[in-house]
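The values are calculated or read from the model by the stated rules, or taken from the named source; none is laboratory data. Only a predicted model underlies this, so the values are computations on that prediction, with no experimental measurement involved. Cβ: placed from backbone, ideal geometry, glycine included. Neighbour counts: every protein chain shown. These accessible areas exclude ligands, DNA and RNA; they are computed on the full protein's heavy atoms, side chains included. Shrake-Rupley method; radii C 1.70, N 1.55, O 1.52, S 1.80 Å.
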Amino acid sequence: MDLSNNMENEFFKSIGKLTSLKVLSLYHCNINGTLPHADWSKLKKLELLDLSGNKFEGPLPSSFVNMTSLQKLEISYNHFIGNFDSNIASLTSLEYFGFIENQFEVPVSFTPFANHSKIKFIHGEGNKVSLDSQHSFPTWIPKFQLQELIVSSTTKTMFLPLPNFLLYQNSLITLDFSSWKLEGDFPHWLLENNTKMTHVLFRNCSFTGTFQLPMRPLPNIWEIDVSDNIIVGQIPSNNFSSIYPNLHFLNLSRNNIQGSIPHELGQMNSLYSLDLSGNQLSGEIPKDIFGVGHQLRFLKLSNNKLEGPILNIPNGLETLLLNHNRFTGRLPSNIFNASIISLDVKNNHLVGKIPSLIKNLSGLYEICLSNNHFEGSIPLELGELEDLTSVDLSQNNFIGLVPSFANSSVAFIHLNNNRLSGLPKRMFHGKSSLVMLDLSYNEISNNLQDLIHNLSYKRLNFLLLKGNHFMGDIPKQICQLIDLNMLDLSHNNFSGVIPKCLGKMPFENKYLKSLLARFSTFDPDPNNLAQSPDLAQSPTPVSGPTLNLQEKANFTTKERTDTYIGRVLFYMSGIDLSHNKLKGNIPFELGYLTKIRALNLSHNDLTGKIPVTFSLLAQTESLDLSFNMLNSQIPPQLSMLTSLEVFSVAHNNLSGPTPDFKGQFSTFDESSYEGNPFLCGPPLPKSCNPPPTIIPNDSNTDGDNDSLLDMYVFCVSFAVSYISTLLVTAAALYINPYWRQAWFYYMELVSMNCYYFIKDNLSKVFKIGNM
């Protein structure tokens, strides 16, 4: 329901007349503005009030009090601010209070509930927990026993103590204090005092010390999450399974835990999800972890110092994340007969080939084997897995052809940094949902036309072919990929001209929101958590196996190669055609790429002028046109570009003044223009307006002296040169008798010829004279 402002005001003004009202729900009515002052206190029979999912803002009104029969108050997902001390203190019949995702300031002492005796559920995730006014911390004994206390905080800097009233709680079932900046060690006494506890979450609470076990068994504990703390020491190796016999979810990730993984964890047959990633664990994985009869579905041991072989895994395991360790050997043979949905073993020292048995992983969603030592060809069966969405086999030693993915719904393909040599005839099907194709740094020598034909009309955002042997022209059909965000064809053998139609492509992600929603997180099988009746009835969502797709791409911009990861990747756009053999003029249409952030055309054979339209590249941060044969003047309009951080036209044939030395162009040094001898203006040392040369009006005496001095220098130089020539010739004739003999023979021949020439001509002259 969408209430207009007038209806809202009229309704709330008359609300005090509804004295017999028991239930009022305005859930998701799109009401905005502040909650009006009204006669709320007259609603003495109101038992349920739901204002959640609206756009309320500001503090709760002072009249929002004394609803003495109110049992459930739900005001979550609004924009309320301030504190609710006086409001909540008067609602003494409350059993449930929900204020999730507002901007309240919740006092750490929880004193607004001091007069309550019936409150059982407090849900307030996403608000700010802070010290009480004047930084006091009053001690009080509660009259109630909570069952659920879920108040994760947005406080980032202030360290807080645990509320004292928790010392008197013994009926808690769920406790979530995530993102509180708490002091001291993990409060094990909370678990011992509340034997009914099922879920305890202290994520990102700055706990220190070691992780100790309680003194007595706690059979009701289902989930423990103390990730993102500063816990040190080792995981307790004794009695873990007897203390927590029914533990399903254990998350100790992102701490500073050392030592080995205890064998005791292998005896926890109820364990469903185990996350020990981001610690300093070493040694091998205990065999017991993969014992028969285990319920383990999610295992994450990433970012540790674990080593040795990866042992056989249980058939029921669905998510196996072992990346960034030191594992060696081959993948276990039975891994290809399991129920794996997500497999990540990147950044290890694994070897061997991928067997064709991978076809048995029919539910495989993501596979990441990058940065290992795998070899051989990529099996064709990999491309036939229908549910496959992300493939990362980069930085290995794979050879042969790129497999065909014509039968899969793959969206992300990373095969870069291998030794692949060719492409299949048909790589994708007509309804492919491909988003990224990274074949950089291989040995592929196909014509790009073949690949583009496969990619036509796909929703492709990233095409990265850097460092291969592609040849021929860049086909115009590449412009059919209208959803491209990033195009990298650098370091190949492309020739011909740059297609003009590239300038008509938006290079802007029109589907950004849907992509982020689709690929930022993925639950391999949401129904898995509900397979057990007990799991389905758990009071709060459990932290089950969630797959984080941190897609990445390397792209050179701002004179360096950066790796764009996750959400940042989808905001990046750029074209890199550098280090090819492209010729002709730069199409002026490229200036219409107003959303592009990086454009690199360097190290080609481009000629002509820099297009004036480049002044329209308003969002471009890096523009590199260096090492070409561009001529004429740099368009002065480029000085209007305010986003440029890197600009280079070095080593061309440009002439005339540089752009005005202002704005972003005042940050560029001489290296941006070097190698253009006819350029002038700042920051170059050559001025475009050199001072005129002044010829001094010297006296006649000075002119005569200069003339005499020049003549003297000339005579001395001539004499020295003449004498030096004679001496060198004489020395050579003296030293070498063969040269001397030849010299005298030659001189005798010349003298005889001269003698007879003169004699004959003189006789002829005398005869003519006598006539």
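Taking the conditions exactly as written (more than 27 Å from the chain's Cα centre (by Cα) and farther than 15 Å from Ile444 by Cβ), does Ala406 satisfy them or not? Step through it out loud before you land on a result.
Details: more than 27 Å from the chain's Cα centre (by Cα): yes; farther than 15 Å from Ile444 by Cβ: yes.
In short, yes.
May I ask you to list the residues in the range 36-61 that are modelled with pLDDT of 90 or more, open to solvent by less than 30 Å² (accessible area, probe 1.4 Å) and in a loop (DSSP other than H, G, I, E, B)?
Leu43, Leu46, Leu51, Ser52, Gly53, Asn54, Leu60, Pro61, listed by residue number.
Might you check whether a residue that is open to solvent by less than 30 Å² (accessible area, probe 1.4 Å), within 30 Å of Pro219 (Cα to Cα), in contact with a Ser or Thr (Cβ under 8 Å, 6 or more places away or on another chain) and modelled with pLDDT of 90 or more occurs anywhere in the range 346-368?
No: zero hits.
Regarding the range 148-161, can at least one residue be identified that is within 25 Å of Pro219 (Cβ to Cβ) and assigned to a loop (DSSP other than H, G, I, E, B)?
No: zero hits.
Per-residue answers, yes or no, for (1) in contact (Cβ under 8 Å) with a residue 40 or more places away in the chain; (2) among the aliphatic types (A, V, I, L, M); (3) open to solvent by less than 10 Å² (accessible area, probe 1.4 Å):
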position: Phe412; (1), (2), (3): yes, no, yes
position: Leu415; (1), (2), (3): no, yes, yes
position: Glu443; (1), (2), (3): no, no, no
position: Asp450; (1), (2), (3): no, no, no
position: His469; (1), (2), (3): no, no, no
position: Leu489; (1), (2), (3): yes, yes, yes
position: Val497; (1), (2), (3): yes, yes, no
position: Gly503; (1), (2), (3): yes, no, yes
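Tell me yes or no: at least one residue of the range 288-299 is part of a strand (DSSP E or B) and either in contact with a Pro (Cβ under 9 Å, 6 or more places away or on another chain) or at pLDDT below 95 (or both).
As a first pass, look at the range 288-299 and keep what is part of a strand (DSSP E or B): 298-299.
Still in the running and either in contact with a Pro (Cβ under 9 Å, 6 or more places away or on another chain) or at pLDDT below 95 (or both): 298-299.
Checking the range 288-299: at least one residue is part of a strand (DSSP E or B) and either in contact with a Pro (Cβ under 9 Å, 6 or more places away or on another chain) or at pLDDT below 95 (or both).
Could you tell me whether any residue of the range 62-79 is crowded, with 19+ Cβ neighbours inside 10 Å, at pLDDT 95 or above and part of a strand (DSSP E or B)?
yes
What's the number of the only condition in (1) at pLDDT 95 or above; (2) crowded, with 18+ Cβ neighbours inside 10 Å that Lys118 fails to meet?
Condition (2) is where Lys118 drops out.
Kindly provide the set of residues from the range 552-570 that are closer than 21 Å to Phe647 by Cα and touching a residue at least 24 places away in the same chain (Cβ under 8 Å), ordered by number.
If the condition is that a residue be closer than 21 Å to Phe647 by Cα and touching a residue at least 24 places away in the same chain (Cβ under 8 Å), then Asn554, Phe555, Thr556, Thr557, Lys558, Glu559 are the ones that fit.
Do we find that Glu386 is outside any helix (DSSP H, G or I), within 23 Å of Arg297 (Cα to Cα) and open to solvent by 30 Å² or more (accessible area, probe 1.4 Å) in this structure?
yes
Tally time: how many residues in the range 420-455 are part of a loop (DSSP other than H, G, I, E, B) and either at pLDDT 85 or above or not hydroxyl-bearing (Ser, Thr, Tyr) (or both)?
Keep residues of the range 420-455 that are part of a loop (DSSP other than H, G, I, E, B), which gives 423-435, 439-446.
Now restrict to residues that are either at pLDDT 85 or above or not hydroxyl-bearing (Ser, Thr, Tyr) (or both): 423-431, 434-435, 439-446.
Number satisfying all stated conditions: 19.
Is it the case that some residue within the range 323-332 is farther than 30 Å from Ile235 by Cβ, open to solvent by 10 Å² or more (accessible area, probe 1.4 Å) and outside any loop (DSSP other than H, G, I, E, B)?
Step one: filter the range 323-332 for residues farther than 30 Å from Ile235 by Cβ, giving none.
Looking through the range 323-332, none of the residues is farther than 30 Å from Ile235 by Cβ, open to solvent by 10 Å² or more (accessible area, probe 1.4 Å) and outside any loop (DSSP other than H, G, I, E, B).
For the range 371-383, give me each residue that is farther than 17 Å from Pro332 by Cα and under 25 Å from the mean Cα position of the chain (by Cα).
Listed by number, the list holds a single entry, Asn371.
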